[in-house]
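Here's the structure we're looking at; comments come further down.
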Amino acid sequence: MADRAHGAEPPPTESEIRQADWYGEDISGQEHTRVAFIGVDLTEITDDGAVFTECTFRDCRFNLSEHTDAAFLNCTFTGCSFFDATFTDCKFVGSMFDRCTFDLMTVERGDWSFVGLPGADLTRATLTGARLREADLTGLRGSGATLRGLDLSASWFHDADLSGADLRGSDLSAVDPRNVELTGAQIDVTQAVVLVTTLGLRVRPDAPE
């Protein structure tokens with residue numbers, strides 16, 4: 001299991017929901033605290049404003065689900081599937097992901113600060129306009145991903161692969177090109193200056209002849 005930042009332990013759970021079939025249900029407005037969801041089918045659920053606090057999700061399916069203004073605060077996701085799931089203006093602050101799959105997942109805006117996604121495969125995911133401050137993206141596999149307009153300040157990128165990714169508009173101040181693969185990535189001029197400065201180079205206008 002991937003470790004949380006600074007060795008923090010996952011929050012303990014106090015109740016359990018096991019092997020439930022919530023396929024296609026509307027869970028809008030529900031609130032759950034310190035619940036362990038094990039093998040729950042959340043495929044094609046709709047969710048407007050549900051709040052999960054310090055919950056654990058193990059081997060759950062979020063496939064084709066749609067979430068708006070929902071909150072998953074300091075939750076733990078292990079072995080979960082997010083195929084074609086959509087999260088709009090959602091909060092995942094402090095949540096941890098381990099051995100999850102994210103094919104075709106879409107994230108629009110929202111706050112994912114302090115999340116743990118070490119080694120996650122986001123190659124087929126699309127994240128735009130979200131906040132991921134101080135996120136653990138160590139070893140992230142993001143080759144070809146769309147990661148646009150993200151606040152990635154103070155995040156951890158060591159050994160991440162962002163080759164061919166669309167990074168335009170994202171804060172790359174925490175990215176060190178010496179230990180992150182960036183070959184073929186799409187960036188804008190401002191980002192190029194940030195990366196060059198990280199390498200210790202100085203960008204100056206041409207000297208007059």
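Compute the orientation-averaged projected area for the range 116-209 from the convex hull of its Cα atoms and round it to one decimal in nm².
Numbers: hull surface 24.1 nm².
Seen from a random direction, the Cα hull of the range 116-209 projects 6.0 nm² on average.
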Inset, instruction - Specify whether the C-alpha gyration tensor of the range 13-104 places it in the rounded, prolate or oblate class, a ≥ b ≥ c being the square roots of the eigenvalues: rounded for a/c under 1.5, otherwise prolate if a/b is larger than b/c and oblate if not. - result: rounded
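Kindly give the semi-axes, whole Å and largest first, of the ellipsoid equivalent to the chain, taking each as the square root of 5 times a Cα gyration tensor eigenvalue.
Values: eigenvalues 242, 55, 39 Å².
Taking √(5λ) for each Cα gyration eigenvalue gives 35, 17, 14 Å.
Could you grab the relative contact order for the chain? Cα pairs under 8 Å, six or more apart, rounded to a whole percent.
Details: 666 pairs, mean separation 21.7, N = 209.
Dividing the mean separation by the residue count of the chain yields 10 percent.
For Thr128 and Val189, compute 0.36 nm times the residue count separating them, minus their Cα-Cα distance, and round to one decimal in nm. Before the final figure, lay out the partial values.
Details: separation 61, 0.36 × 61 = 21.96 nm, distance 1.87 nm.
Net length gain for the segment: 20.1 nm.
For the ranges 167-177, 128-138, what's the packing order if you count other beta-carbon atoms within 10 Å of each residue, average per peptide, and put the highest first? Provide the component values of the computation, followed by the final result.
On the way: 167-177: 19.1, 128-138: 20.9.
Top of the packing list down: 128-138, 167-177.
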Legend entry - Net charge over other residues, Cβ less than 13 angstrom from the Cβ of Asp159 (K, R count +1; D, E count -1): -2
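Quick one: compute the contact order of the range 112-199, relative version, from alpha carbon pairs under 8 angstrom and 6+ residues apart, as a percent. Working shown, then result.
Numbers: 250 pairs, mean separation 20.2, N = 88.
In percent, rounded to a whole number, it is 23.
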Legend entry - At R0 = 35 Å, FRET efficiency that the Cβ-Cβ distance of Asp206 and Asp103 yields, to 0.05: 0.15
Legend entry - Relative contact order (percent, whole number), the range 13-104, Cα cutoff 8 Å, 6+ residue spacing: 22
Legend entry - Cα→Cβ-extended label distance, 7 Å offset, between Asp176 and Phe83, nm: 3.8
Legend entry - On Cα atoms only, tilt of 189-198 relative to the major axis of the chain in degrees: 80
Legend entry - Length added when fully stretched, Ser28-Asp159, from 0.36 nm per residue minus Cα-Cα: 43.3 nm
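Every read-out reported here was derived from the displayed coordinates using simple, explicitly stated rules and does not represent laboratory data. Every value quoted in this text rests on a predicted model; they were computed, and no experiment measured them. Backbone-built Cβ (ideal geometry, glycine too); neighbour counts: all protein chains shown.
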